[in-house]
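Chemist: Encoded as structure tokens, here's the structure I'll be asking about.
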Amino acid sequence: MLTACATFVLLIAGALVTSNDAGLSVPDWPTSFGSLYKIPQLVGGVKFEHTHRMVAQFVGILTIIMAVWTWRSDRRRWIRYLALGALCTVIAQGILGGLTVLFYLPPAISSAHAALAQTFFCIAVAIAVFTGRRWLEKIPAAEIDSRRPSLTTLGLLSICVLYIQLIAGAMFRHHGLSWWPHVLNAPIVAIVLTWTAIRALLHYAQIEAIRRPAVIMLSLLIAQLCLGFVAFMTRVAWGHDAVQPELPMVISTVAHVAVGALLLATTVVFSIQVRRHVPGSAAKPLRTEDRATVAARAPVSS
């Protein structure tokens, strides 16, 4: 949970760098003005870029601790490999961040850096779910979903359209794409996520693990659409001739990125819980486990 929360702070720090056009305020990497440990004078864009790097280093350290701890204490092989995948992802993310500086913010690399950051956030949130007390101790009440498309399919479709939106938005923010693909995909995102959440609330509201993320999805979707409109107006309609980013532009775009990250992570959690509690008719229902079996799968207590 600490790693996931720190990653969310890192996403905000990265959005502040992009929104303030501060990506090259520190011109070298992996050093900052020639030093690996000295903190430069935090003025202008340097305060955004160097703070972003410091938070990124903290997240990297947390990820190493999480991966080692999980590998040593959790008996589930798949969660060990997921933690190892998180470590590989954060390493790749750091390399992409360095390449954006060394190659002077190429849109493709900068957009990949942004997309991979939110992917790592989702992985961290998923690990927090899988290692949580509720997941380890609570016996899932499985119900077969015979509807078409299944709720599992809708959850995966929601993640896909959100990723398309994420990549289109990142390409626009990093000057690699016009604004219209991002705007045109927004109604598709709204329709798919609303469909998914309403289906879940109509048929599986009695399952708290599904009801709660579905409600959060709808709430975040409404907030994200409103923030997207405000960000478009401040940055595209009103601020396209601004010499430097103005405060309304920065606040709206950073909030838009932050809520978008929360929406994607919530959709991932929703899909995980749907797979656990409402398998499709073609899938085998999850076996009812007694508490002795659950305890055998749980992490080793210290």
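Chemist: In percent, what relative contact order does the chain have, based on Cα pairs under 8 Å that are 6 or more apart in sequence?
Modeler: 25
Chemist: Treat each spin label as a single point 7 Å out from the Cα along the C-beta direction, and report the Leu99 to Leu84 distance in nm.
Modeler: Those two pseudo-labels are separated by 2.3 nm.
Chemist: Per DSSP H run of at least 4 residues, take -39500 (n - 2.57); add these up for the chain, divide by its residues and hand me the 222 nm value, nearest 500 deg cm²/dmol.
Modeler: Mean residue ellipticity at 222 nm (helix-derived): -24000 deg cm²/dmol.
Chemist: Within region 1-28, list the residues whose amide N lies under 15 Å from a label point set 7 Å along Cα→Cβ of Arg212.
Modeler: Hits in region 1-28 for Arg212 at 15 Å: 1.
Chemist: From the C-alpha gyration tensor of region 141-285, pull out the three semi-axes of the equivalent ellipsoid (sqrt of 5λ each), sorted largest to smallest, in whole Å.
Modeler: Equivalent ellipsoid of region 141-285: 34, 14, 11 Å, largest first.
Chemist: Here is a further query. In percent, what relative contact order does region 51-154 have, based on Cα pairs under 8 Å that are 6 or more apart in sequence?
Modeler: Relative contact order here is 21 percent.
Chemist: Suppose every K and R has +1 on its Cβ and every D and E has -1 on its Cβ; what is the size of the dipole of region 1-140 about the Cα centre, in Debye to the nearest 20?
Modeler: 720
Chemist: Go ahead and run the numbers for FRET between Ala190 and Ile65, Cβ-Cβ distance against an R0 of 45 Å, rounding to 0.05.
Modeler: Given R0 = 45 Å and the Cβ-Cβ separation, E is 0.70.
Chemist: To continue, here is another question. Shape verdict for the chain, please, from the Cα gyration tensor: rounded (a/c under 1.5), prolate (a/b greater than b/c) or oblate.
Modeler: oblate
Any read-out appearing in this document is the output of simple, stated calculations on the displayed coordinates, not a laboratory observation. Keep in mind the model is a prediction, meaning the values are calculated, not measured. In this analysis, Cβ positions are derived from the backbone assuming ideal geometry, glycine residues included, and neighbour counts consider all displayed protein chains.
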